[in-house]
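As structure tokens, the structure follows; a few thoughts come after it.
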Amino acid sequence: MNDFQSYTTRVSKDFLTQRALWQPSFYDRRIRDLGEFESAVNYVVRNPVSAGLVDEPEQWPWVGSWLD
């Protein structure tokens, strides 16, 4: 991920982009097993609820079949 961030930052500077491409707090993390994968999916699915955008994950139009 670090290599990708470095590459995209260099390319953006070639095109004189002045805004940041990456949030300072961004980090990547390897998912090691099914339990961690399920936790990550649950976190993503619950984000709209945590942000107060919907009351239930099913109300978010982009949840898709994750909850099936």
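For the pair Trp22/Ser39, report the inter-label distance in nm, with labels modelled 7 Å from Cα in the Cβ direction.
2.4 nm
Angle check, please: helix 34-50 long axis (alpha carbons) against the longest principal axis of the chain (alpha carbons), in degrees 0 to 90, nearest 10.
That helix lies at roughly 90 degrees to the long axis.
Rounded to two decimals, what is the ratio between the C-alpha radius of gyration of the chain and 2.2 N^0.38 Å? Intermediate results must be reported in sequence, preceding the final value.
Details: Rg = 16.6 Å, N = 68, 2.2 N^0.38 = 10.9 Å.
Here the Cα radius of gyration is 1.52 times the empirical estimate.
Which ordering of Arg19, Arg29, Arg46 is given by a fewest-first count of other beta-carbon atoms within 10 Å? Don't jump to the answer; show the numbers that get you there.
Values: Arg19 5, Arg29 8, Arg46 13.
Ranked by crowding around the Cβ, least crowded first: Arg19, Arg29, Arg46.
Cα axis of helix 2-14 to longest principal axis of the chain: angle in degrees, 0 to 90, nearest 10?
Helix 2-14 sits roughly 50 degrees off the main axis of the chain.
Every number here is computed from the coordinates shown, using simple stated rules; none is lab data. Because the structure is predicted, anything quoted here is derived from the model rather than measured. Positions of Cβ are backbone-derived with ideal geometry, glycine not excepted, and every protein chain shown enters the neighbour counts.
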